[in-house]
Amino acid sequence: MTLSTAQGIASAVRSGERTAREVLEDYLAAVDGREHEVHAFNLVLADEARVAADAVDSAIDAGTNPGPLAGVPVALKDNLCTRGVPTTCGSKILDGWRPPYDATVVGRLAAAGAVVVGKTNLDEFAMGSSTENSAFGVTRNPLDPAKVPGGSSGGSAAAVAAGFVPVSLGSDTGGSIRQPAALCGVVGVKPTYGAVSRYGLVAFASSLDQIGPFSLTVADSALMLEVIGGHDPRDSTSIPGRTPDLVAELDRGIDGMRIGIIEELSGDGLEGIAGDVRARLGEAGLALEAAGATVETTSVPSTVYGLSAYYVIAPAEASSNLARYDGVRFGLRIDAPNAGEMNTATRTAGFGDEVKRRIMLGTYALSAGYYDAYYGKSQKVRTLIVRDFARAYEEFDLLVSPTAPTTAFAIGEKATDPMTMYLNDVCTIPSNLAGHPAISVPFGVGDDGMPVGVQILAPATDEAKMFRAAAVLEAVAPEGHPLVGGGLP
Amino acid sequence: MREELTGVIPGWETVIGLEVHAELATATKLFSGAPNRFGGEPNTNVDPVSLGLPGSLPVLNEQAVELAIRVGLALNCRVQPSVFARKNYFYPDMPKDFQISQYDLPINEEGWLELPDGRRIGIERAHLEEDTGKSTHVGGGGRIHEAGYSLVDYNRAGVPLIEIVGAPDLRSPEDARAYVGELRSILVAIGASDGKMEEGSMRVDCNVSVRPIGQAEFGTRCEIKNINSLRSLGRAITYEAQRQVDLLASGEAVEQQTRHWDEDEGRTHKLRSKEEAFDYRYFPEPDLVPVDPSEEWITEIRDALPMLPRERRHRLAEVANVETASVVLTVERGMDDLAFEAIAAGGDAGRVIVHVENNLADGAGALDAESFATLVAMEVRGDLTATQAKTVLAALVAEGGDPAEVAASMGFEAMDTEELEALVERLIDEYAEDWAAFIAGDDKERKKKSGFFVGQVMKATNGQADGRIVNEIMSRLALD
Amino acid sequence: MTERITREDVAHVAELARLSLDQDELDAFTSQLADVLDHAADLDALDLDEVPPTAHPLPLRNVLRPDVVGETSDRAEVLAAAPSVEEDQFRVPPVLGEAP
Ligand SMILES: [Mg+2]
Ligand SMILES: [Zn+2]
């Protein structure tokens, strides 16, 4: 299988060099070949995809431009609403639910000519860091099936890494795009909060959730973000205006940029960041310097409190967002003599342990007598993190850190201890709390030969700069691309 | 009826605070474009947002904010930056199992409302929130606790509400009814709500406590739910106050409770105690951003407000030289303009007000201000008696026309004063003893006897005489 | 910070969240929640008295929608997703107690 980029596919399809249908069949063949092993998908929409691909080809025959993603197969995390198509969130409680509407991003992808190939597996309601918490089974890392792909968007990351699709969408609440991107050796982006409409993204934690792309190349993620981003009147937290040009800015380089390596997230102060990950980060720093940036270590002190604040705020919002799964209007119902007991029976049977754990944690943090000690305090910590970032960005254009503390771990390895699992998100969480964009770029491999991701963080709405630095890292990554060992067509 | 509603228990004072929920008269729901429409086939005025479907997000209705600001200004509140919060509780008619409401930062705070008698009742806050859907309990005669199952319609879910929380400044069922009536008039006047209690667009919860007269601190209160009319409001308060007094009088304590008014049984019963109160786990709604209306917007809304009932009462009472309490109905019925015009057209202010307050309950119909003024002038001149004027007025309302012609067609001719004097003289001869008693009597006796003679005159003239003129004649003759 | 979360606290919270737990689950969740909350105790080291809370990552204000009627859902499609339907309404077992 030769891996292609979305950009390459779209231009080939637009020029008539290949048909959307041919492209699709190649990818469907790849899915057929390895999906049983990887289990990236909850649902493959081969027939619907063929219809969509044929429509793209007809448009081209008719002389119309289907858009920047003409004929590009995409996969959607299964927490993005698709009209008439099951959307499970990896949960039994929504098994079989067909939303009566499309998420905004789904409409935008279709309008850009993309072809949806399927819905990808995830940790139930996006709660997890390994895609082991799905009611529909675990997803495996295509680079080593004994290992996790990361999570919660593990299916979307694995689908790209396995060559099932060139690009996919995930959602990132505390690192759920960037961490699996790092573990699967692909690019993953969490945009600025509000850059991409959340309408139709099944909520986990509303003030933290963002939809973002996975891709093999930095340029493809930039392209995807241009397509899905921009104001949406159906999301009150959507930033006014359109997405700035990202692809056109990519090659501008980083000469003269000031880049800070976040001390607190880079190992010396923080336990759990593995030696090989630290080593790659150091090399990435040198590479950025070689490209003309000044790179120095800097302190963003309150980031170390991010994990604690996050594991109060996210469960609190989740406890409320997930109340609606009550057996009344959609999804699972377990009957009982009265409505209250029906709610309880349904939720008890429908939710997995991780979801229950977070619902209870969040309910506790909001309950009478504990609000100030937990939720109130965590929101104040959020303020400190925002302030610390603001200070850092007075001095630096961008910040960098590892994406995840380690390379992909074994399936089952951390599944029994929630707190150990939560520590996976320590480097990614601060961006969610601050609402800032961040990208994970593959940068070499660890001692186990598995990919390492470097995270580049930027101030709110400064994605263009972030992508420029990511493109630099991508170009100089030590072993080239971990999946293909070289450039991509 | 009035006795039943006084709710006055000797030695005790009833303290009442009301929470009124009013549906705002917008075209769409508070957080989505689904129609805000009463009635309609079940589950047709819905969209993903009002059904609380996964992935749906709320976006605030600008008009709902404007109406809320109108309410705030009309209730003399401070209009301030506000934040929506989630109030978490499970209930089938609440689609998301939380209600988006306002909690510690409501859009309006600290105002007052003036009752028709001039007393000011504090308004603690008036905040925006969304309505719930509607459950029908099937089986068990529709009673919630005996139903076999329930059916839920989400047409009403997400309809914008303003919740107006009044201070515990009311002291009787009459006060409470006057407060709700005044609030309703205001909401209707400013176009914020249609105020229809019978359609549920205005709903009242009531906090009641009692204390011995003279005691400074409040007693323990109970909140009464399910009050569906002004009549129930009075009955519920009367019942509840008596229940609490009975408890205290027999040495027991009042427990803080939420209680349900049962209209059929005419009593309240316990829903839950304070300990069983819900833990709503309020927190700021992350899907919405703060509302911070600009000074310009608030000023624009203030400038566009119509004159409020209170001001209209004051204005009319001043022109008519009466108490504000005498023009309550006139203003409530929106007939103050007619009254002004009739007065401006030369109608006697006092008589105009009397007629509008008492004789125009069903509206002015075909009556115009000119004819109204003419009619009142005829009455004042003595061309028509009060009774005749009322009859002519009814005809003018029904059919319109020229008051003099209408009066003539009814055979209401003004009696010649000389004719009347002759009649009075004849009656004096006939009832000489009564006349003597009239002349010699004290005020009380004079009054009684003048009533007697007026009655005789009316009898003799089939009610066509003007009682005032008869009295004048008698006074004159008595001096002779 | 506050005392360690107890088994009773977890049972209460589960009730609030409409979840039922057996005894083993109650034990397991109690210790897991306690671990996470213990970790959150590191926030005690911070002086937060003068720090305002941040509820939103973006400083947006006054995001308002014109009061214009939009699309409504197709009722058949909506009801098709429901576990139980009668007379075009969502059917639920009897509701005990009234709404707050
Ligand atoms: Mg209330
Ligand atoms: Zn309310």
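The values are calculated or read from the model by the stated rules, or taken from the named source; none is laboratory data. The structure displayed is predicted, hence computed values, not measured ones. Backbone-built Cβ (ideal geometry, glycine too); neighbour counts: all protein chains shown. Note: areas computed on protein heavy atoms with side chains; ligands, DNA, RNA excluded. Shrake-Rupley method; radii C 1.70, N 1.55, O 1.52, S 1.80 Å.
Here is a yes/no grid of residues against (1) buried (at least 18 other Cβ atoms within 10 Å of the Cβ); (2) touching a Leu at 6+ places or on another chain (Cβ under 9 Å); (3) outside any helix (DSSP H, G or I):
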site	(1), (2), (3)
A:Ala284	yes, yes, no
A:Thr303	yes, yes, no
A:Ala309	yes, yes, no
A:Val312	yes, yes, no
A:Ser320	yes, yes, no
A:Arg333	yes, no, yes
A:Asn343	yes, no, no
A:Arg357	yes, yes, no
A:Gly369	no, no, yes
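Scanning segment A:329-363 for residues that are over 27 Å from B:Ala157 (Cα atoms), of a type outside the set (D, E, K, R) and more than 7 Å from chain C (Cβ to nearest Cβ) turns up A:Ala349, A:Gly352, A:Val355. Which one is farthest from ligand 1 (Cβ to nearest atom) among residues in segment B:159-181 that are open to solvent by 10 Å² or more (accessible area, probe 1.4 Å) and assigned to a helix (DSSP H, G or I)? Restricting to residues being open to solvent by 10 Å² or more (accessible area, probe 1.4 Å) and assigned to a helix (DSSP H, G or I), the top hit is B:Glu174. Condition check: away from ligand 1 (no atom under 16 Å from the Cβ), of a type in the set (Gly, Ala, Ser), surrounded by fewer than 24 Cβ atoms within 10 Å (Cβ to Cβ) and modelled with pLDDT of 95 or more. Does B:Gly72 satisfy that? For B:Gly72, the condition - away from ligand 1 (no atom under 16 Å from the Cβ), of a type in the set (Gly, Ala, Ser), surrounded by fewer than 24 Cβ atoms within 10 Å (Cβ to Cβ) and modelled with pLDDT of 95 or more - is not met. Selection of segment B:130-158 for residues being within 16 Å of ligand 1 (Cβ to nearest atom) and crowded, with 22+ Cβ neighbours inside 10 Å yields B:Glu130, B:Asp131. Selection within segment B:16-40: residues that are over 14 Å from B:Asp131 (Cα atoms) and within 7 Å of another protein chain (Cβ to nearest Cβ). The member of this set that is surrounded by the most Cβ atoms within 10 Å (Cβ to Cβ) is B:Gly33.
Any residue at all in segment B:304-322 that is out of contact with any strand residue (DSSP E or B) (no Cβ under 6 Å at 6 or more places or on another chain), more than 23 Å from B:Arg70 (Cα to Cα) and not in a helix (DSSP H, G or I)? Scanning segment B:304-322 turns up at least one residue that is out of contact with any strand residue (DSSP E or B) (no Cβ under 6 Å at 6 or more places or on another chain), more than 23 Å from B:Arg70 (Cα to Cα) and not in a helix (DSSP H, G or I). Looking across segment B:275-323, the residues that are open to solvent by 20 Å² or more (accessible area, probe 1.4 Å), of a type in the set (A, V, I, L, M) and away from chain A (no Cβ under 14 Å) come down to B:Ala304, B:Leu305, B:Met307, B:Leu308, B:Val319, B:Val322. Answer yes if at least one residue in segment A:53-63 is surrounded by 22 or more Cβ atoms within 10 Å (Cβ to Cβ) and under 24 Å from the mean Cα position of the chain (by Cα), and no otherwise. Taking every residue of segment A:53-63 in turn, none turns out to be surrounded by 22 or more Cβ atoms within 10 Å (Cβ to Cβ) and under 24 Å from the mean Cα position of the chain (by Cα). Of the candidates A:Leu208, A:Leu122, the single residue that is open to solvent by less than 10 Å² (accessible area, probe 1.4 Å), touching a helix residue (DSSP H, G or I) at 6+ places or on another chain (Cβ under 9 Å), within 28 Å of A:Glu25 (Cβ to Cβ) and within 14 Å of chain B (Cβ to nearest Cβ) is A:Leu122. The residues of segment B:249-266 that are within 33 Å of the chain's Cα centre (by Cα), outside any loop (DSSP other than H, G, I, E, B) and of a type outside the set (Ser, Thr, Tyr), listed by number, are B:Gln257, B:Arg259, B:His260, B:Trp261, B:Asp262.
The set of residues in segment B:397-427 that are among the hydrophobic types (A, V, I, L, M, F, W, C) and in a helix (DSSP H, G or I) comprises B:Val397, B:Ala398, B:Ala404, B:Val406, B:Ala407, B:Ala408, B:Leu420, B:Ala422, B:Leu423, B:Val424, B:Leu427. Pairs are defined by a Cβ separation below 8 Å, a sequence spacing of at least 6 or placement on different chains, a first member in segment B:452-478 that is within 15 Å of B:Glu419 (Cβ to Cβ) and hydroxyl-bearing (Ser, Thr, Tyr), and a second member that is open to solvent by less than 60 Å² (accessible area, probe 1.4 Å) and modelled with pLDDT under 80; the pairs so defined are B:Thr461/B:Met415. Of the helices (runs of 4 or more DSSP H) lying entirely inside chain C, those carrying at least 3 residues that are more than 8 Å from every other protein chain (Cβ to nearest Cβ) and over 30 Å from B:Pro81 (Cβ atoms) are C:7-16, C:23-40. The numbered conditions (1) open to solvent by less than 60 Å² (accessible area, probe 1.4 Å); (2) among the polar types (S, T, N, Q); (3) at pLDDT below 95 are all true for A:Thr19 except (3). Of all residues in segment A:243-270, those satisfying the criterion of being on the phi > 0 side of the Ramachandran plot and open to solvent by 10 Å² or more (accessible area, probe 1.4 Å) are A:Gly253, A:Gly256.
Which members of segment B:436-453 meet the condition of being open to solvent by less than 30 Å² (accessible area, probe 1.4 Å) and closer than 12 Å to B:Met474 by Cα? Within segment B:436-453, B:Phe438, B:Ser450, B:Phe453 meet the criteria. Annotation: A:Tyr374 fulfils all but one of (1) at the interface with another protein chain (Cβ under 7 Å from one of its Cβ atoms); (2) surrounded by fewer than 24 Cβ atoms within 10 Å (Cβ to Cβ); (3) touching a Phe, Trp or Tyr at 6+ places or on another chain (Cβ under 9 Å); (4) assigned to a helix (DSSP H, G or I); the unmet one is (2). The set of residues in segment A:231-242 that are open to solvent by less than 20 Å² (accessible area, probe 1.4 Å) and either touching a Cys at 6+ places or on another chain (Cβ under 9 Å) or touching a residue at least 40 places away in the same chain (Cβ under 8 Å) (or both) comprises A:Asp232, A:Asp235, A:Thr237, A:Ser238. Take the conditions under 27 Å from B:Ala364 (Cβ atoms), open to solvent by less than 60 Å² (accessible area, probe 1.4 Å) and under 44 Å from the mean Cα position of the chain (by Cα) and apply them to B:Val470. Does it pass? No.
Picking from A:Asp388, A:Asp397, which residue would you name as being more than 9 Å from chain C (Cβ to nearest Cβ), over 24 Å from the mean Cα position of the chain (by Cα) and at pLDDT 95 or above?
Exactly one of A:Asp388, A:Asp397 is more than 9 Å from chain C (Cβ to nearest Cβ), over 24 Å from the mean Cα position of the chain (by Cα) and at pLDDT 95 or above, namely A:Asp388.
Taken over segment B:86-114, residues that are more than 12 Å from ligand 2 (Cβ to nearest atom) and more than 8 Å from every other protein chain (Cβ to nearest Cβ) amount to 10. Residues in segment B:205-220 that are surrounded by 18 or more Cβ atoms within 10 Å (Cβ to Cβ), out of contact with any Asp or Glu (no Cβ under 6 Å at 6 or more places or on another chain) and farther than 10 Å from B:Val15 by Cα: B:Cys206 only. Among the residues of segment B:99-122, the ones that are aliphatic (A, V, I, L, M), surrounded by 19 or more Cβ atoms within 10 Å (Cβ to Cβ) and closer than 27 Å to B:Pro58 by Cβ come to 2 in all. Test A:Ile411 against the stated conditions and say whether it is under 16 Å from the mean Cα position of the chain (by Cα) and among the hydrophobic types (A, V, I, L, M, F, W, C). It is false that A:Ile411 is under 16 Å from the mean Cα position of the chain (by Cα) and among the hydrophobic types (A, V, I, L, M, F, W, C). Taking into account only those residues within segment A:46-94 that are assigned to a loop (DSSP other than H, G, I, E, B) and without any contact (Cβ under 8 Å) to a residue 24 or more places away in the chain, which is farthest from the other protein chains (Cβ to nearest Cβ)? Among residues in segment A:46-94 that are assigned to a loop (DSSP other than H, G, I, E, B) and without any contact (Cβ under 8 Å) to a residue 24 or more places away in the chain, the one farthest from the other protein chains (Cβ to nearest Cβ) is A:Gly63.
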